[in-house]
Amino acid sequence: MSQSKIKPRSVRRQTRGTGQVPEEEKKSSKKSRFILAAVILAILGIAIGIGYYFIYVVPLQHTIIKVNNAEINIDYFVRRMLISGTTDDIFTMIDTITNEELIRQVAPKPPYNIEATEDQLMAELRVSARGENETISDAEFKSWYRDQRNESGLSDKEFKELSRTYLMASYMAEYLAERVSSVAEQVHLHMILVSGYEETTEVFERLDAGEDFFAVAQELSADAAGGEEASELGWWPREALGIKSDTYYLTPPEWMFDLGIGAYSEPTIMDQESQTYAIFMVSERSPAREIDAEKLDIVKGRQLEMWLDSEASRNIITLHGRNNGIDSETHAWISWQISRRLKAE
């Protein structure tokens, strides 16, 4: 019987049971692991980037102040807080930025028609850069301008816009001051000044008993000089009253204007640090009296502030933040952002 020939099988490298891995498969395995690690790292990097974006970047783009259709975001607000050096009073900065936006929006409109051109802005900045010097070179001005802008932390556009706004504010202050009447209703004010609230008790006991205001002032007022002059404050228009710093009044409080003739006020704290109190009295009133030069300067100097207060009531101003309002979380987050940036400097 003839034997049939059996064709030999194609020879393959045996991989089972030998404990050896072909070099090609080793390389392929290493490459796969490398690719897998790279993918994992890429995913982690994306996740970290997304986390950073939502924790640090997105909140900075949230609107904090809206004046009509203009929106101011938290990033700009934080940078302005850093410029001011006042890193804890966010409501003062809210007022400041709101006022700036009101000037930008309202001043260019009739009847004011107030704007600041590029030439006017650059001329004003050169005056600031020059200081007490008579001239300044272009190179010196460019260096000064660059330093000011870099120190502010603002972009060139933001720096120019802020400078332009304050130039427009000065124009508006001049515009309003020029239109102040030198004649106004005024009251003739007198004052008894005492140290400490307890000292006011004797003053009121004697006034309530019918003693003359001027006689009591001559004897008890801390600034007594004699007679009616001991209490003399002179004539005051309403718009010159009520100017104060954080802890004391610079002019008599505004509500003294509404006292009846001969009536005296409740004790009013004039200086919180020294605990100085005053009792006021109106001796006479004039419906139209020439304002003296000193008081007129005070009135003129307050016109921009009063105009801004008036415009704030006419325009739509809303406060937002991280949760659609200036809440404790927004306040704390802004403070944290400021602290982070200060540490990074």
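What follows draws every value from the coordinates through simple rules; no lab data is involved. Model, not experiment: these values are computed from the prediction. Every residue, glycine among them, receives a Cβ derived from its backbone with ideal geometry; neighbour counts consider all protein chains shown.
Could you give the alpha-carbon Rg of region 241-345 over 2.2 N^0.38 Å, rounded to two decimals?
Working: Rg = 20.9 Å, N = 105, 2.2 N^0.38 = 12.9 Å.
That ratio works out to 1.62.
Taking amide H positions as placed in the peptide plane 1.01 Å from N, state which residues far from M270 in sequence (5 or more) or on other chains have amide H under 5 Å from it.
Amide H neighbours of M270, under 5 Å, 5+ apart: T276, Y277, A278.
Hey, if you put +1 on the Cβ of every Lys and Arg and -1 on every Asp and Glu Cβ in region 184-289, which of A240, A184, I279 ends up farthest toward the positive end of that dipole?
A184
Given just the C-alpha atoms of region 124-227, how large is their convex hull per residue in cubic angstrom?
Working: hull volume 26.5 nm³, N = 104.
Once divided by residue count, the hull of region 124-227 is 255 Å³.
With the calculation restricted to Cα positions, what are the radius of gyration and Dmax of region 184-289 in angstrom?
So, for region 184-289, Rg and Dmax equal 13.1, 38 Å respectively.
Report, as a whole number in µm² per second, the diffusion coefficient that Stokes-Einstein gives for region 135-186 at 20 °C and 1.002 mPa s using the Kirkwood radius over alpha carbon pairs.
On the way: Rh = 13.8 Å.
In µm²/s, the coefficient is 155.
Pairs to check: K160/K244; K66/K109; K66/K157; K244/K300; K66/K160. Give those whose C-alpha atoms are more than 27 Å from each other in this structure.
Exceeds cut-off: K160/K244.
Please list, in chain and number order, the residues 5+ apart from N73 or on another chain whose amide H is under 5 Å from its amide H, with Hs placed from the backbone.
Counting only residues 5 or more places away or on other chains, the set is I64.
Assuming 1.306 mPa s and 10 °C, estimate D for region 70-183 with Stokes-Einstein, Rh taken as the Kirkwood radius over Cα pairs, in µm²/s. Mind dumping the intermediate values first?
Values: Rh = 15.9 Å.
Using the Kirkwood radius from Cα pairs, D works out to 100 µm²/s.
Given +1 on the Cβ of Lys and Arg, -1 on the Cβ of Asp and Glu, and no further charges, what dipole in debye does region 184-289 carry about its Cα centre, rounded to the nearest 20? Provide the component values of the computation, followed by the final result.
Numbers: 5 positive and 21 negative charges, 87 e Å.
Taking the Cα centre of region 184-289 as origin, the dipole is about 420 debye.
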